[in-house]
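The values are calculated or read from the model by the stated rules, or taken from the named source; none is laboratory data. Keep in mind the model is a prediction, meaning the values are calculated, not measured. Because the Cβ atoms are built from the backbone with ideal geometry, glycine has one as well, and the counts that use them run over all protein chains shown.
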Amino acid sequence: MTLAPDQQTTREAEDSASRLSTAPQPLGPTDRQLMAPVRRAWRQLTSMRTALLLLFLLALASIPGSFLPQRGVNPVLVLEYFDDHPTLAPILDRLGFFDSFAAPWFAAVYLLLFVSLVGCLGPRIRLHAKALRTPPPPVPRVLTRMPSTDRWETGSDAEQVLAQTGRGLRKGRWRVVTRPAEGGGGAISAEKGYLRETGNLLFHLSLVGLLVGIAMGGLLGFQGTVLVKEGDGFANSVFAYDDIKPGRRFDADRLVPFSFALEDFRATYADDGKALTFNADLTYKDSPDAASQPYDLRVNHPLSIGGAKTYLLGHGYAPKVVVTDLEGNRLEQTVVCLPQGPTFLSTCVVKVPDAAGEQLAFEGVFTPTTVQDPETGRVTSVYPAPEAPALTLVGFRGDLNLDNGLPQSVYALDDRSGLEPVDGDTPHKLLPGETWELPGGGSITFVETTEWATFQVTQDPGKVVALVASTGMVLGLCLSLFVRRRRVWIRVTPVPAGGGPGSGRTVVEVAGLARTGAEAFADEFTSLTGRVRETAPPSSSPTPEQQEHT
Amino acid sequence: MIDEALARLSDNLFFGTVLLYALSMLAFAGEQAARRTRLVEESGAAAAATRLAASRRTRAMAGGPSTVEEPPVADPAAPRPSRAGQVGLVLAAVGAVVHTGSVVTRGLAADRVPWGNMYEFSSMVALAAVVIFLVLVATGRVERSLGAFVMLPAVLYLGLAGTVLYTAAGPLVPALDSYWIQIHVFAAILSSGAFLLGGIVALLYLLRSRHDSQVAEGRVPRFPMSMGSTLPTAPVLDRVSYAVIAFAFPIWTFAIIAGAIWAEAAWGRYWGWDPKETWSFITWVLYAGYLHARATAGWKGTRAAWIGVIGAVALIINYYVVNIFIVGFHSYA
């Protein structure tokens, strides 16, 4: 955006001055008639008013996603919503309200906004590039029209005043052009604050960069989660995960070939049961051939290898049990129990398909700090740490029906049709080291308490792009909001010698125009004229001196 | 781990802060009332004087705004400017010092940054708003006559923080234990304080310009528009709210980015449309709209001010509604 023509009134100048916008420049009159409707539509789209409208639409379109449950954030809540609102939920779902940030209407708003933005940026970058190359325009004939003006007469030499003032301005990082006048003397045009528009353009370009970074993450990124028990390991491959969310263009060959083992998991809690710290002690290898190194994985302290980052996501208990079958075979298992609440009462299922004779299964709860009701015998947990762990189980014998082809969850006894309770419905509580001798042979021993942790591995190649773009945004914003574009003119005219008032003297006229921040400029203008007065001291005789600030 | 004596001291200082701010608010309100009475008397006298002789001074007075800003002191019989405002300013400044003491002792008591839960965050936001206001007054950018309108919300905000949101000093949950919290939350506090202040001034701008247009139509403004007579002129209010919002916007942007960096380290993604993230985004978009509107013909002035007010409302929703009523990653306290 170039500065306003000198003839423009102050009001108009201020109008365009305070513009932070990406307002369009009118296209030239040479465009073909045929293109007129397209041109009009384009101009409409790239107009500031449309951009404003789209901004408000964007804010509005974001609201439903914050009040309605979102699949991307919490799919369980979405299912609950379906249960609670059986008629409304399918309609909302069809309109995309449960994935509202991926919905077509949301995409439409932000894509239109970005098209409008890019449409403005092109011409503005060209104009700014031109403005950077164009020297400040000549001094206007009537300087008194400017918002800040000053005028006095001096006995100093005109050329000397011009040279010194020009030097001073250059030192103050003004862009200075000195144009000599025909009858001696001359005029200085100086301009400062080009960084304002540079910053503005940088900010808006960075927005585009941010969108590119986000899109790269969506297309080329990868996210997987995996549960690892203490003592177990994980090697990064698509098949090792429990759950993966690959980007649409993700290539499995890009997975970083690292591996790690969970040596130990530790959690500490406050007296009221609130979690204080989580630590997962890992040993990891950058690649299959690399040496293994230790790592202390914590919340806020992910493990970063290549482009992949591993995070600690969740944790729970995995009691180790030994089951002996009718033939006396020892079958050892570490059972992943699922926590059900803040005190970590966890549900456990043990399936022993390899037991000789009949298959065995157990179902029950693990309680880290166990309290048993003396009357009902029900166990519960009162604290998340394993202060008094117990495993309370009901046993089954029979056929687990694992071979019928239907998938079964490892965390539940889906099919009980072939199972008979071992000892009625009475649960048996086991403390670490205790063994339950099953009626009819076999036993189960609760050996010890171990823990498991879930990990999330992400690869997002767009992350760096987004970060660089974000930095550009903040930098650009600061420049475009706090740098002021302003211009000053100094005209030095020698009054010809030979009679008349003030002959032999030099008239100095100073004028200034700030496009924004008029008050701040008034101060700057005063100190600037002060410095010019030092190089060109006003003559002692009365001069038509004036100084106005608006 | 928690220093109980320090924690108690912090609570007492907090109580003292609310008291000082409330007294300051009353003093500012007293000054307002005195100025209004004087203005009414003077305009009555002015009307009489106009009827007698159209002196220069009375003509200037009939012009309205310019005389409001600087009540004429040419008349030796005119009452001296009220001391109440000066007292209000001192009370507010002392309050801010006590407030700072409350925040610092809270941090020392818990041995961490004092912005780990909603109570502490609210207290910090109010402190930020009051300090920014005091800095604006001290540097002569704003008249202290706005004091009552700043101190009233500050007192309400702190009252809410000290009663409903109060949380005893305690350690942080693991997800908050990061140096990014210091950066992210501090930036959010500073910009929130400024945005809320900007919202208040924008609201006063709307009040003042409505007052002015009613006066121009020859109507007598009624409450709350009648309060407009003692406010700074509409252009001043517009400029101040813009300056405060323009100051806050890059900091808010930075707060969101720092939050994204923290989220990337803590949760494995830098952006996930968590309700808090969503509302921070909505707030950001609204203020971006404000900055653009202020530079667009047909939108500057009243419309832009409304956007500034709506932005502050979005900020409040982001804080209270999202934290208390919506379950998300930011549900800590």
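Just one residue in the set A:Val176, A:Val115 is buried (at least 20 other Cβ atoms within 10 Å of the Cβ), more than 25 Å from A:Cys478 (Cβ to Cβ) and touching a residue at least 40 places away in the same chain (Cβ under 8 Å); that residue is A:Val176. Examine segment A:152-166 for a residue that is part of a strand (DSSP E or B) and either closer than 30 Å to A:Arg43 by Cβ or among the polar types (S, T, N, Q) (or both), and state whether such a residue exists. Yes, segment A:152-166 has at least one match. Of the candidates B:Leu136, B:Leu127, B:Leu156, the single residue that is assigned to a helix (DSSP H, G or I) and within 14 Å of another protein chain (Cβ to nearest Cβ) is B:Leu136. Scan segment B:166-174 and tell me whether some residue there is more than 14 Å from every other protein chain (Cβ to nearest Cβ), surrounded by fewer than 21 Cβ atoms within 10 Å (Cβ to Cβ) and either farther than 26 Å from B:Ser24 by Cβ or out of contact with any strand residue (DSSP E or B) (no Cβ under 7 Å at 6 or more places or on another chain) (or both). Yes - at least one qualifying residue is present in segment B:166-174. Among residues of segment A:73-98 being outside any helix (DSSP H, G or I) and closer than 18 Å to B:Val322 by Cα, the one that is nearest to the other protein chains (Cβ to nearest Cβ) is A:Val73. Among the conditions (1) over 20 Å from the mean Cα position of the chain (by Cα); (2) over 21 Å from A:Gly476 (Cα atoms), the only one that B:His292 does not satisfy is (2).
Within segment B:170-182, identify whether any single residue is in a helix (DSSP H, G or I) and at pLDDT 90 or above, and answer yes or no. Checking segment B:170-182: not a single residue is in a helix (DSSP H, G or I) and at pLDDT 90 or above. Flag set for A:Phe239, criterion: free of Cβ contacts under 8 Å to residues at least 40 places away in the same chain and either over 22 Å from the mean Cα position of the chain (by Cα) or farther than 16 Å from A:Lys309 by Cα (or both).
Of all residues in segment A:392-413, those satisfying the criterion of being surrounded by 13 or more Cβ atoms within 10 Å (Cβ to Cβ) and free of Cβ contacts under 8 Å to residues at least 24 places away in the same chain are A:Asn401, A:Gln408.
Look at A:Leu326 and say whether it is surrounded by 19 or more Cβ atoms within 10 Å (Cβ to Cβ), more than 12 Å from every other protein chain (Cβ to nearest Cβ) and of a type in the set (A, V, I, L, M). When the stated conditions are applied, A:Leu326 does not pass them.
Among residues of segment B:256-284 being facing chain A (nearest Cβ under 7 Å) and within 20 Å of B:Ser191 (Cα to Cα), the one that is modelled with the lowest pLDDT is B:Pro275. Inclusion of A:Leu55 among residues that are at pLDDT 90 or above, within 8 Å of another protein chain (Cβ to nearest Cβ) and within 30 Å of A:Arg126 (Cα to Cα) is warranted. Kindly indicate whether B:Ile251 is under 20 Å from A:Ser62 (Cβ atoms), at pLDDT 90 or above and at the interface with chain A (Cβ under 10 Å from one of its Cβ atoms). Considered against the rule, which asks whether it is under 20 Å from A:Ser62 (Cβ atoms), at pLDDT 90 or above and at the interface with chain A (Cβ under 10 Å from one of its Cβ atoms), B:Ile251 comes out as no. B:Glu143 falls short of the stated requirement of being more than 13 Å from chain A (Cβ to nearest Cβ), in contact with a Pro (Cβ under 6 Å, 6 or more places away or on another chain) and buried (at least 19 other Cβ atoms within 10 Å of the Cβ).
Of everything in segment A:436-468 that is buried (at least 20 other Cβ atoms within 10 Å of the Cβ) and at the interface with chain B (Cβ under 10 Å from one of its Cβ atoms), the residue that is nearest to A:Gly247 (Cα to Cα) is A:Asp460.
Among residues of segment A:513-526 that are touching a residue at least 12 places away in the same chain (Cβ under 8 Å), those with a beta-carbon under 6 Å from a residue that is in a helix (DSSP H, G or I) and buried (at least 19 other Cβ atoms within 10 Å of the Cβ) at least six positions away or on a different chain give the pairs A:Ala514/A:Phe521; A:Arg515/A:Ala17; A:Thr516/A:Ala17. A count restricted to segment A:359-388 and to residues that are outside any strand (DSSP E or B) and surrounded by 21 or more Cβ atoms within 10 Å (Cβ to Cβ) stands at 3.
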